Amino acid sequence: GNSVTQMEGPVTLSEEAFLTINCTYTATGYPSLFWYVQYPGEGLQLLLKATKADDKGSNKGFEATYRKETTSFHLEKGSVQVSDSAVYFCAPQGQGAQKLVFGQGTRLTINP
Amino acid sequence: GAGVSQSPRYKVAKRGQDVALRCDPISGHVSLFWYQQALGQGPEFLTYFQNEAQLDKSGLPSDRFFAERPEGSVSTLKIQRTQQEDSAVYLCASSSRPGIRDTQYFGPGTRLTVL
């Protein structure tokens with residue numbers, strides 16, 4: 001079945017630092033790839049997605065590129081803010097499947 | 001518009017009790033999902049409905065877990081004879097279109113604590 005390996009946390013950065021959270025997946029066919037974010041005290045929200053190889057998803061300054069050759073979907077942001085502090089989940093959705101398969105999550109803390 | 005709502009938000013049960021968790025999806029959404037999120041972990045899939053049909057229940061951990069969506073809208077996840085290992089946050093999600101890998105919108109979850 002599908003699986004995902006996500007960069008372990010916690011990750012602590014200073015404001016305006018560059019962020020990378022690594023995510024690699026195993027899946028048959030051509031999965032869709034998602035990043036979800038969980039802010040403190042809130043529910044899971046979609047951050048960005050990509051549905052085919054070489055697509056780049058972007059939102060709120062975050063980007064991730066669907067790399068089929070390396071089966072990766074790394075999350076990046078050029079300059080993080082305190083408000084980006086949250087838990088981030090990478091989640092592939094297999095071709096022909098409906099369910100999401102979540103990584104264990106990466107807790108990100110941004111210090112002012 | 002209204003998002004996915006879940007009730008109760010918190011539930012404390014004694015071991016052996018039955019519990020029922022409710023999910024109200026976004027109006028008109030065809031697909032409905034239940035996930036279980038243990039503390040410090042990512043959500044794990046439990047079951048999936050398309051309208052009233054339960055198309056995938058491969059993630060239900062035991063026959064104590066049962067889900068239904070009789071009219072294709074509200075869904076209930078029932079756990080019989082709760083055990084301590086059932087303590088988790090139960091998340092419901094809905095999406096608008098079946099057969100297409102559409103965005104899933106999540107509710108706030110129900111935190112279940114089994115004593």
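The values are calculated or read from the model by the stated rules, or taken from the named source; none is laboratory data. Since the structure is predicted, the reported quantities are computational estimates derived from the model, not experimental observations. Virtual Cβ from ideal backbone geometry, glycine too; neighbours counted across all protein chains shown. For the accessible areas, the whole protein counts, side chains as well, though only heavy atoms, and no ligand, DNA or RNA atoms are used. Shrake-Rupley method; radii C 1.70, N 1.55, O 1.52, S 1.80 Å.
Anything in segment A:46-64 that is away from every other protein chain (no Cβ under 14 Å) and over 16 Å from A:Tyr25 (Cα atoms)? List them, or say none.
Listed by number, the residues that qualify are A:Lys56, A:Ser58, A:Lys60, A:Gly61, A:Phe62, A:Glu63.
Pull up segment A:65-93, narrow it to residues that are crowded, with 20+ Cβ neighbours inside 10 Å and in a loop (DSSP other than H, G, I, E, B), then point me to the one that is farthest from the other protein chains (Cβ to nearest Cβ).
By that ranking, first place goes to A:Val80.
Are any residues in segment B:61-79 surrounded by fewer than 16 Cβ atoms within 10 Å (Cβ to Cβ) and in contact (Cβ under 8 Å) with a residue 60 or more places away in the chain, and if so, which ones?
Scanning segment B:61-79 gives a single hit, B:Lys78.
Go through segment A:11-53 and count every residue that is closer than 25 Å to B:Tyr90 by Cβ, open to solvent by 40 Å² or more (accessible area, probe 1.4 Å) and part of a loop (DSSP other than H, G, I, E, B).
Number of matching residues: 3.
Cβ contacts < 8 Å: first residue modelled with pLDDT under 90 and hydroxyl-bearing (Ser, Thr, Tyr), restricted to segment A:29-43; second residue surrounded by fewer than 11 Cβ atoms within 10 Å (Cβ to Cβ) and not in a loop (DSSP other than H, G, I, E, B), any location; separation 6+ or different chain. Result?
none
I need the full set of residues from segment B:80-92 which are open to solvent by less than 60 Å² (accessible area, probe 1.4 Å), of a type in the set (S, T, N, Q) and either over 24 Å from A:Tyr36 (Cα atoms) or within 13 Å of the chain's Cα centre (by Cα) (or both), in order please. Walk me through how you get there before you give the answer.
In the first step, residues of segment B:80-92 are kept if they are open to solvent by less than 60 Å² (accessible area, probe 1.4 Å); the result is B:82-83, B:86-92.
Checking which are of a type in the set (S, T, N, Q) leaves us with B:82-83, B:87.
Matches in segment B:80-92: B:Thr82, B:Gln83.
Can you confirm whether segment B:93-102 contains a residue that is facing chain A (nearest Cβ under 10 Å), open to solvent by less than 10 Å² (accessible area, probe 1.4 Å) and either over 12 Å from the mean Cα position of the chain (by Cα) or at pLDDT 95 or above (or both)?
yes
Which of the residues spanning segment A:87-101 are on the phi < 0 side of the Ramachandran plot and touching a residue at least 40 places away in the same chain (Cβ under 8 Å)?
A:Val87, A:Tyr88, A:Phe89, A:Cys90, A:Ala91, A:Pro92, A:Gln93, A:Gly94, A:Gln95, A:Ala97, A:Leu100, A:Val101
Give the residue that is farthest from A:Thr5 (Cα to Cα), with candidates limited to residues of segment A:98-112 that are buried (at least 19 other Cβ atoms within 10 Å of the Cβ) and more than 8 Å from chain B (Cβ to nearest Cβ).
A:Ile110
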